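In what follows, a single structure is set out as structure tokens and then discussed.
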Amino acid sequence: MLNCEELLNLEEKILEVLPDKLTTTLIKLNSNGKLDEFLEVLDLGYLTSQNTYRPYRSGKIVVVGQTEVKESVLLGVAESCGVSKDRFEFCLEYNKAKSYNFKKMQYEPKYSLV
């Protein structure tokens, strides 16, 4: 662990080279999947759009659109994939889909997928 003086010296050295290395460093962090972690350490996680919306893993899945496939068949397929039927909300008729309240899902983490 560095002492206070060593930390200050390190800070000075980093600030000297940072302007020239920042872009390259961000590219490396991004390609290695560590950019979000880096930004969180700096308390800057809010800067990436990935951190603005985190749906619940058990959130609702909304299925919208006209289909000939029955709701029960879709639920059977979902359950065979290990997804609970309780997670689904259906709007399978054209006229209902036209007036469906999509705004209720905006920025709402209880909805995971449309």
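Of note:
- The set of residues in segment 78-109 being part of a helix (DSSP H, G or I) and closer than 16 Å to LYS60 by Cα consists of ALA78, GLU79, LYS85, ASP86, ARG87, PHE102, LYS103, LYS104, MET105.
- For segment 48-61, the candidate set comprises residues that are at pLDDT below 90 and surrounded by 13 or more Cβ atoms within 10 Å (Cβ to Cβ); within that set, the residue that is farthest from the chain's Cα centre (by Cα) is GLY59.
- Taken over segment 66-80, residues that are within 21 Å of ASN95 (Cβ to Cβ) and surrounded by 12 or more Cβ atoms within 10 Å (Cβ to Cβ) amount to 3.
- Qualifying residue in segment 21-33 (condition: over 23 Å from the mean Cα position of the chain (by Cα) and not β-branched (Val, Ile, Thr)): yes
- Scanning segment 1-34 for residues that are assigned to a loop (DSSP other than H, G, I, E, B) and either at pLDDT below 90 or in contact with a strand residue (DSSP E or B) (Cβ under 6 Å, 6 or more places away or on another chain) (or both) returns ASN32, GLY33.
The values are calculated or read from the model by the stated rules, or taken from the named source; none is laboratory data. All of these numbers come straight from a predicted model, not from anything done at the bench. Cβ coordinates were reconstructed from backbone atoms using ideal geometry, including for glycine residues, and neighbour counts include every protein chain displayed.
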